[in-house]
Structures are given as C-alpha cells and as structure tokens.
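The values are calculated or read from the model by the stated rules, or taken from the named source; none is laboratory data. Since this is a predicted model, take the numbers as computed values, not measurements. Note: ideal-geometry Cβ built from the backbone for every residue, glycine included; neighbour counts use all protein chains shown. Side chains included, ligands, DNA and RNA excluded: accessible areas come from the protein's heavy atoms. Shrake-Rupley method; radii C 1.70, N 1.55, O 1.52, S 1.80 Å.
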Amino acid sequence: MAGILDSVNQRTQLVGQNRLELLMFRLVGKQRYGINVFKVKEVLQCPPLTALPKLNSVVRGVAHIRGQTISIIDLSRATKGPAITDLSKAFVIIAEYNRSVQGFLVGSVERIINMNWENIMPPPKGVGKFNYLTAVTEVENELVSILDVEKILDEISPFPTDVSSTIVEQASESIHDKKILVADDSSVARNQVKRAVSSLGIEVDLCKDGKEALDLLKAKAKEGPIKDLYSLVISDIEMPEMDGYTLTAAIRSDPALRELKVILHTSLSGVFNQAMVDKVGANAFIAKFNPDELASAVRDSIEN
C-alpha cells in the first residue's frame, strides 16, 4: 500500500505543473513519434499474431497477452504509410484508450522523456485537416509527432455518438439554449462531444487546447459574469501548450472564473486519475467515450 501511495504522490506532484512523460518510438523510417506514458500498460517485442477473417486492413491480427486477446494495429498502415514488414524486430505498445485495450505495432521503441506541455505544440497549419497529428514537439533537434489515436480508432471502428431518447426526454427545458465550452486537441473527439451534447439542445463552443480555452474564458469574463455565458467547461486532459489539469487549476485560481463547473473528459485511465481530479478541483471525471454517460453528466451538472 505504501508503494502505491508513493506512486500516486509522485504523479500528482506533476498535476498543475503542465508536465507529461512521453514514450518515443518509430514506425517505418526515421520519423519519431510519441505517446503519453499514462496510456501505456506495457511494451513488448511483437508476439505471434493470429490472423482472423474480416479484420480491418490496418489490424495485423490478434495476440494473446496476459490472458487477454488484443487486436494489434499497424500504426504505420493506419496513418496511410507502408506496413511494418519485419515483425521479428518490431514492438507492440499495449495501451488503453476509450475504455478498451489495444496493441499498437511499431518499428522500434526508444526512451521515455519528461516534458512540459508548453513545449508540445499544435500541428503546423500547412499539414491540412486530413493528417493524423494532434501535436508536435522537438527533441534533440528532431521533430516528434504525437498521433491522433482517437481518429485512428474511430476510422477502424467508429464510436457511436447518438444519445438515447430516454436521456434526451429526461432533460428539462431549462437547459435548452444553455452554452458550454469544450476543449480537446482531437477534432474527432471535439465533434463527438458536440454531437452528444447538442442533442440536449445545448449550444457548444469548441477550442483545440487548454490555452485557447483559458484565453477565451478570460476575454469573455471581461465582458460580464462568465456563468451568464457558459454553464460548464468540458476539457480533455492531454492537450498541447496547456493540459486539462492545468486549465482546471487556472480556472479555480481566477476569481472571475472559479465558479465554473469543469468536467474532465479523457481517454486516460488509471489509479491516479481521481487523486488528480481532486487536486485541481474538477467537478467530475468521465472516461471517453460514452455518449449517454456524457450527456447525463452534462444534463445533471447544468440542472443542479
């Protein structure tokens, strides 16, 4: 128990400091990529894969790992690159996204680095809207790309976004025409949240990261009480420039914003989340992505 508590304390010390640990890897070629260590359960050499009929073309097969059958996704092929061919030298990153465990096939795995989210930047505007990046950074004078895994997973198996009629019918007319602010660096995730919440008759403003959201909130607060404009903020946790924990802490420390309700909505999961949510003062934590659960939390938050 002492060891678990020490780990929680070490992790929560980073909360509000806008920091993350990044596992770096390569696919095919020299380009480096990164994934937040919080999402990684383990890294192992590619195990034997079993091919199954009617699998998506980017799924190379399934592997039996620690008593689980896990789909192995070729990240290179999933981002429209060439397939990883030499599986004997490849690695699999076992990660948890959106309440399920996936295996990501990569060419090689490097090391873990500790970084500040301020050094994680949005993708350059010239890459276009059809890219698979949520952010980029620089390590040792090399560009490191952070992939939009939610977009990749949604292309393989689209997430349902329809809210059940029962939840919509239970929403009182008092929440109609209310407005909330959503901050998420994934365009897929932003649109998922917007579709789910809009079904309740709520208006949604979108921001692509925590810094953009905080700047908007501060600007709007100068025009009048912020709660007259926004009933709620829904924020992802992992975002370039400013993460959701830091955004929440900044909202709580600003007298003009501190009364705003904040829901953290993220694909991150693990034993540390509740301690982090409590530390920064968020009102709730919801794992991505269940439209009914999200809509219910938004409805209850605004009605109460």
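From the list Ile152, Ile156, which residue is open to solvent by 30 Å² or more (accessible area, probe 1.4 Å) and either in contact with a helix residue (DSSP H, G or I) (Cβ under 9 Å, 6 or more places away or on another chain) or among the hydroxyl-bearing types (Ser, Thr, Tyr) (or both)?
On inspection, the qualifying residue turns out to be Ile156.
If I go through region 167-201 residue by residue, how many of them are outside any loop (DSSP other than H, G, I, E, B), at pLDDT below 90 and open to solvent by 40 Å² or more (accessible area, probe 1.4 Å)?
Residues flagged as outside any loop (DSSP other than H, G, I, E, B), at pLDDT below 90 and open to solvent by 40 Å² or more (accessible area, probe 1.4 Å) within region 167-201 amount to 6.
Which of (1) at pLDDT below 90; (2) over 14 Å from Leu105 (Cα atoms); (3) surrounded by fewer than 18 Cβ atoms within 10 Å (Cβ to Cβ); (4) out of contact with any Asp or Glu (no Cβ under 8 Å at 6 or more places or on another chain) is the odd one out, the single condition Gln68 does not satisfy?
(1)
Anything in region 274-294 that is open to solvent by 20 Å² or more (accessible area, probe 1.4 Å), closer than 19 Å to Tyr245 by Cβ and assigned to a helix (DSSP H, G or I)? List them, or say none.
If the condition is that a residue be open to solvent by 20 Å² or more (accessible area, probe 1.4 Å), closer than 19 Å to Tyr245 by Cβ and assigned to a helix (DSSP H, G or I), then Gln274, Ala275, Asp278, Lys279 are the ones that fit.
Just give me the residues in region 124-149 being touching an Asp or Glu at 6+ places or on another chain (Cβ under 9 Å) and either assigned to a strand (DSSP E or B) or open to solvent by less than 20 Å² (accessible area, probe 1.4 Å) (or both), in sequence order.
Answer for region 124-149, where residues must be touching an Asp or Glu at 6+ places or on another chain (Cβ under 9 Å) and either assigned to a strand (DSSP E or B) or open to solvent by less than 20 Å² (accessible area, probe 1.4 Å) (or both): Leu133, Thr134, Ala135, Val144, Ile146, Asp148.
Within region 33-65, restricting attention to residues that are within 25 Å of the chain's Cα centre (by Cα), of a type in the set (Val, Ile, Thr) and in a strand (DSSP E or B), which residue is surrounded by the most Cβ atoms within 10 Å (Cβ to Cβ)?
So the residue we want is Ile35.
In region 211-225, what count of residues is obtained for those that are open to solvent by less than 10 Å² (accessible area, probe 1.4 Å) and without any contact (Cβ under 8 Å) to a residue 40 or more places away in the chain?
Summing the residues that are open to solvent by less than 10 Å² (accessible area, probe 1.4 Å) and without any contact (Cβ under 8 Å) to a residue 40 or more places away in the chain in region 211-225 gives 1.
Go through (1) outside any helix (DSSP H, G or I); (2) open to solvent by 10 Å² or more (accessible area, probe 1.4 Å) one by one and return the number of the condition Ala297 breaks.
(1)
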